[in-house]
Amino acid sequence: MEWLFGLTGSLLIAGIAYRKNSLSGSGLLAALLVGTLLYVFGSAAWFGTLIGFFVSSTFWSKWKQHKKTSVEKTYEKTGRRDAGQVLANGGLAVLLAIGNAAWPHPVWWSAFVGVMASVNADTWATEVGALSNRQPRSIVTGKIVPRGTSGGISNLGLIASAAGGAFVGLIAWLFAAVSPGQLGATIPYRGINTLLSLILTGMIAGTIGSLIDSYLGARWQVMFRCQVCTNEVERKVHCDLPTIHTRGFVWMNNDTVNLLSSLGGGTVAIGLLSLFG
């Protein structure tokens, strides 16, 4: 019956998000797929952590949205997530849950927490950091860059990133505590499932994953120049005209950057396993 519980829970959460314009039609279908599979292969602890990420990131995406409108015009993707965003944020999590179901080992759970912490930390950093009173600085050069520039970071964004990662660790601990029998082989390794270890894992892995996202965005993410306003943007169309490719790899769009950075966060979390296991 796991698939029915997963589908019902996913339909409830994703349905509300769709009605609130936080998910597109394709995003809704992708969210149903990701949520159902994650519950089937990972059960409540994995599913609950995903929902914690989705609800909290959606909240911050909507928070003071009117103040972030001008910044979001440069982004390839907006707060209304499509299938690409959902799969970039949740697809790797599903693969890790499948891996744990097939070959139970605590490494899968640790990597999962790191992946979810990374995507949550990056979302919090983007949405909260956009409200900073100070201009962001390039993670590569340290120079002040316009708001919305890929690779731009701020003190407020860094704080939000750490908080977002720690939040995932907290949610993971809560669901692991109420459904310990559903983590399979992670149970003998109780050291990685304590409140402190999961919060630290989330905070460290999430922050590093978010910084990887910023670095990839500054170095290699595809960027374009608008022919009208001359701003550097992530979109192929801006001000109703096609934009001009200026730098970065054509295949490395925002979704690819999110996927790679979450993989980096998951790898960091695996490294922390040796400390907390």
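The values are calculated or read from the model by the stated rules, or taken from the named source; none is laboratory data. Bear in mind that the values here come from a model prediction, so they are computed numbers and not experimental data. Neighbour counts run over all protein chains shown; Cβ positions are idealised from the backbone, glycine included.
Brief remarks follow.
- Residue that is farthest from GLY90 (Cα to Cα), among those in segment 14-40 that are part of a loop (DSSP other than H, G, I, E, B) and polar (S, T, N, Q): ASN21
- Residue in segment 186-208 that is at pLDDT below 85 and of a type in the set (Gly, Ala, Ser) present: yes
- Just so you know, in segment 223-237 the residues that are part of a strand (DSSP E or B) and in contact with a strand residue (DSSP E or B) (Cβ under 7 Å, 6 or more places away or on another chain) include one that is surrounded by the fewest Cβ atoms within 10 Å (Cβ to Cβ), and it is ARG225.
- Within segment 80-135, being closer than 16 Å to SER43 by Cβ and of a type in the set (Val, Ile, Thr) holds for VAL94, ILE98, VAL113.
- When residues of segment 218-250 are limited to those that are charged (D, E, K, R) and within 26 Å of the chain's Cα centre (by Cα), the one nearest to SER261 (Cα to Cα): ARG219
- The single condition among (1) closer than 24 Å to MET252 by Cβ; (2) modelled with pLDDT of 85 or more; (3) over 17 Å from the mean Cα position of the chain (by Cα) that GLY114 does not meet is (3).
- Of the residues making up segment 41-66, those that are over 14 Å from GLY91 (Cα atoms), surrounded by 20 or more Cβ atoms within 10 Å (Cβ to Cβ) and in contact with an Asp or Glu (Cβ under 9 Å, 6 or more places away or on another chain) number 3.
- Residue list for segment 93-114, restricted to those being more than 11 Å from ALA172 (Cβ to Cβ), crowded, with 17+ Cβ neighbours inside 10 Å and of a type in the set (Val, Ile, Thr): VAL94, VAL107
- Counted residues, segment 124-151 - those being touching a Lys or Arg at 6+ places or on another chain (Cβ under 8 Å), hydrophobic (A, V, I, L, M, F, W, C) and in contact (Cβ under 8 Å) with a residue 12 or more places away in the chain: 3
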